[in-house]
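Take a look at the structure below.
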Amino acid sequence: MSETAPRPSSSDNFLLIHAFGKPSGSPLLAISKRIADAGCNLAEARVSALGSELCVLALAQGSWDAIAKLENALARLERDGDLRLGHFRTNAHQPQPTLLPYVIEVIAADKPGVLFQLAEFFAGRNISIEQLHSSRYRAMQTGADMFSAQITIGIPNTMHIAALRDDFLEFCDGLNLDAIMDPMKF
């Protein structure tokens with residue numbers, strides 16, 4: 001008689017879901033309904049309008065059986081609806097007490113590659129990007145095409161903050177980016 005491994009507890013089962021659809025189709029409503037119907041909890045969610053699509057990122061949490069039920073419901077939803085879906089199992093976010101949260105804000109004339117250069121700067125220093133929101137817009141006053149980014153980073157607590165700030169501001173000056181780097185205050 002072979003023993004089977006015990007299934008993980010409900011707090012150990014997570015499904016990361018991404019959905020894209022028209023705002024009129026309410027992707028958040030469709031996804032959150034399937035999560036609730038499967039007996040899962042919605043642990044985290046992000047919703048954003050990008051182009052003409054509404055994008056939903058959702059992290060569902062539940063028992064092994066509830067997550068399996070949710071996976072089946074999502075497959076049916078994608079077949080039957082106007083949503084483009086993807087999902088996969090993942091783990092809970094692990095606390096990282098050795099990382100200090102800092103907020104970066106950048107505004108500049110829009111030009112190709114700005115976001116890549118910012119990401120490359122942080123990656124080259126083993127600094128994680130925890131959250132990011134960037135956009136292009138036309139300045140109301142002048143009509144200039146502008147770039148804006150708000151980035152939350154995790155700086156290793158062994159890193160010298162003043163030296164990093166100096167390097168970052170020098171990097172931004174070289175690219176003609178107006179930027180600030182401040183500790184997250186909440």
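The values are calculated or read from the model by the stated rules, or taken from the named source; none is laboratory data. These numbers were taken from a predicted model, which means no experiment stands behind them. Every residue, glycine among them, receives a Cβ derived from its backbone with ideal geometry; neighbour counts consider all protein chains shown. Please note that ligands, DNA and RNA were not included when accessible areas were found on the heavy atoms of the full protein model with its side chains. Shrake-Rupley method; radii C 1.70, N 1.55, O 1.52, S 1.80 Å.
Ranked by the mean number of other Cβ atoms within 10 Å of their residues, highest first, the peptides 76-82, 64-70 fall in the order 64-70, 76-82. Legend: calculated FRET efficiency, residue 105 to residue 52, from the Cβ-Cβ distance at R0 = 25 Å, rounded to 0.05, equals 0.35.
Grab the beta carbon distance between residue 161 and residue 120, set R0 = 35 Å, and tell me the FRET efficiency rounded to 0.05. Plugging the Cβ-Cβ distance into 1/(1 + (r/R0)^6) gives 0.95.
Hey, any idea what the orientation-averaged projected area of the convex hull of the stretch 75-183's Cα atoms comes to, in nm²?
That works out to 10.2 nm².
Could you tell me what % of all Cα pairs in the chain have separations over 31 Å? That fraction is 38 percent.
With a/c under 1.5 counting as rounded, go ahead and sort the stretch 34-126 into rounded, prolate or oblate using the C-alpha gyration tensor (a ≥ b ≥ c being the square roots of the eigenvalues; past the cut-off, prolate if a/b is larger than b/c, else oblate).
Details: a/c = 3.04, a/b = 1.60, b/c = 1.90.
It is oblate, given that a/c is not under 1.5 and a/b is not larger than b/c.
When +1 charges are put on Lys and Arg Cβ atoms and -1 charges on Asp and Glu Cβ atoms, the dipole computed for the stretch 82-150 relative to its Cα centre reaches about 120 debye. Over the chain, dividing the summed -39,500 (n - 2.57) contributions of all DSSP H runs of at least 4 residues by the number of residues returns a 222 nm mean residue ellipticity of -9000 deg cm²/dmol.
When only alpha carbons of the stretch 134-186 are considered, Rg and Dmax amount to 14.0, 43 Å. For residue 169 and residue 142, what does the FRET efficiency come to when R0 = 22 Å and r is the distance between their Cβ atoms, rounded to the nearest 0.05? Computed FRET efficiency for residue 169 and residue 142 comes out at 0.35.
Ignoring aspartates and glutamates fewer than eight residues from residue 185 along the same chain, the ones with Cα atoms less than 20 angstrom from its Cα are 105, 130. For the stretch 144-153, 3J(HN,Hα) computed residue by residue from phi via the Karplus equation (6.51, -1.76, 1.60; θ = phi - 60°) reads 5, 6, 10, 10, 9, 9, 10, 10, 9, 10 Hz, glycine and proline entered as x.
What a 1.4 Å probe finds exposed on the chain is 55% carbon and sulfur by accessible area, rounded to a whole percent. In the chain, taking the dipole from charged Cβ atoms about the Cα centre, the farthest positive-side position among 186, 27, 115 is held by 27.
Only residues of the stretch 54-88 count here: report those whose backbone N is under 15 Å from the spot 7 Å along Cα→Cβ of residue 24, or say none. Residues 54, 82-83 fall inside that zone.
Selection among 156, 92, 132 by position relative to the dipole of the chain gives 92 as farthest towards the positive end (Cβ unit charges, Cα centre).
Charges at C-beta only: +1 for Lys and Arg, -1 for Asp and Glu. How large is the resulting dipole of the chain about its Cα centre, in Debye rounded to 20?
Working: 16 positive and 21 negative charges, 122 e Å.
So the dipole magnitude of the chain works out to roughly 580 debye.
Computed over the stretch 73-131, the P(r) tail beyond 14 angstrom holds 73 percent of alpha carbon pairs.
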